[in-house]
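Student: Would you mind keeping the following structure in view while I ask a few things?
What follows draws every value from the coordinates through simple rules; no lab data is involved. Being a predicted model, the structure only gives us computed values, none of them experimental. Every residue, glycine as well, gets a Cβ built from its backbone with ideal geometry; the counts of neighbours run over all protein chains shown.
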Amino acid sequence: MAGPVLNAGRTLLMGILNVTPDSFSDGGQFSNVTDAFEQARRMVEEGADILDIGGESTRPGAKPVTEGEELRRVMPLLERVCRELAVTISVDTSKAAVAEASLARGAKIINDVTGFRNPAMVEVAAAHRAACIVMHMRGTPETMQSLTEYDDVVAEVKEFLAARVVVLRAAGIEEIAIDPGLGFAKTAAHNFALLRRLPELVEIGAPVVVGPSRKRFLATLADMEPMENRRDGTVAAITAAVLGGARIIRAHDMAQARRAIAVAEAVLQS
């Protein structure tokens, strides 16, 4: 790896780019390469440090897609972005073959919503010296919202993430970030608790990724529907996350997210 991609001494902005027909917020908008590339270009122009390309929806209730279908969706865009844009590429996948192909074509980060529980994913990451984002989720996107019982959600998420960091470091992986997985097997109350107690996750010693963008838990508050209205809530959640110690923000709207990060960082530096 040429240099660190997850720890730049400032808060990094990761743009969400789904090449899927069924993602919860932008499904179908960028399902062809031309539209997806134009969105990638806009995100970079608006300040994205990382583009996170995903070919399989992880919204609640989403059904899995085949390895071949995910590759068909992801590879043409990933190859073009790597050729034409100066930006770090992350691939949002839980399939080792998709991770392998993406890293071979220029991606630098594997973002695995299943937390690298598949040993093959760990092997691929180690072989390519990839950076890794480890997320907490119970079950699968299809089943996760039936698995929301916790004694202490923050303590249990922290325990899981800390254990996965140990596994990845033992495999020789140097760059690791952790993501509490807002909305993944969590109730709205759990998501707000994770934001409030984010400093406890910072204690693990890896950069914390937070992705509240447009998520359903924001709609439990007043006037957060339709989807468009969740953007204001997203800005507030991003600000809270950075104040709590998040070092990478995963979002759909780059300009708004960048402004929220700037305000939060100004407060921290004052």
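Student: What FRET efficiency would be calculated for the residue pair Val166, Arg196, taking the C-beta separation as r and a Förster radius of 25 Å, to the nearest 0.05?
Tutor: Efficiency computed from Cβ-Cβ geometry: 0.45.
Student: Could you derive backbone 3J(HN,Hα) for the range 91-106 from the dihedral phi with the Karplus parameters 6.51, -1.76 and 1.60 (θ = phi - 60°), listing whole Hz in sequence and x where the residue is Gly or Pro?
Tutor: Here the 3J(HN,Hα) series is 10, 8, 8, 10, 9, 4, 5, 5, 4, 4, 5, 5, 5, 5, 9, x Hz.
Student: Once phi is turned into ³J(HN,Hα) by the Karplus curve 6.51 cos²θ - 1.76 cosθ + 1.60 with θ = phi - 60°, what whole-Hz value does each residue of the range 239-251 show in order, with x for glycine and proline?
Tutor: Values per residue, Gly and Pro as x: 4, 4, 5, 5, 4, x, x, 4, 10, 9, 10, 9, 8 Hz.
Student: Normalising by the residue count of the chain, find the relative contact order in percent from Cα pairs under 8 Å and 6+ residues apart.
Tutor: Over the chain, the number comes to 19 percent.
Student: Among (i) 19.3, 63; (ii) 20.0, 61; (iii) 17.0, 50, which one is Rg and Dmax of the Cα atoms in Å computed from these coordinates?
Tutor: After the calculation, the listed value that fits is (iii).
Student: Amide H to amide H under 5 Å from Val134: which residues, 5+ apart in sequence or cross-chain, H placed 1.01 Å off N in plane?
Tutor: Those lying under 5 Å, H to H, from Val134 are Ala177, Ile178, Asp179.
Student: Give me the one-decimal nm value for the distance between modelled label points at Glu149 and Ala262, 7 Å along each residue's Cα-to-Cβ direction.
Tutor: Between Glu149 and Ala262, the label points sit 4.8 nm apart.
Student: Which cross-chain or sequence-distant (5 or more) residues have an amide H under 5 Å from the amide H of His252, H modelled 1.01 Å from N in plane?
Tutor: Long-range HN contacts for His252: Ile16.
Student: What shape does the range 84-134 take by its C-alpha gyration tensor, where a ≥ b ≥ c are the square roots of the eigenvalues and a/c under 1.5 counts as rounded, a/b above b/c as prolate, and the rest as oblate? Let's see the in-between values first.
Tutor: Details: a/c = 2.00, a/b = 1.64, b/c = 1.22.
Here the range 84-134 falls in the prolate category.
Student: When only alpha-carbon atoms count, how far does the range 5-152 stretch along each of its three principal axes, as whole angstroms with the largest first?
Tutor: Taking the Cα atoms of the range 5-152, the three principal extents are 45, 32, 31 Å.
Student: Moving on to the next point. Taking the beta-carbon count within 10 Å as an exposure proxy, list Cys82, Cys132 from fewest neighbours to most.
Tutor: If I rank by nearby Cβ atoms, fewest first, I get Cys82, Cys132.
Student: Give a residue-ordered list of calculated ³J(HN,Hα) values for the range 145-157 (Karplus: 6.51 cos²θ - 1.76 cosθ + 1.60, θ = phi - 60°; whole Hz; x for Gly, Pro).
Tutor: 6, 9, 10, 10, 8, 9, 6, 8, 4, 5, 4, 6, 5
Student: Once you have all Cα-Cα distances for the range 129-270, histogram them in 5 Å bins from zero and send the whole-percent values.
Tutor: Taking every Cα pair in the range 129-270, the percentages come to 2, 10, 19, 21, 21, 16, 8, 3, 1, 0.
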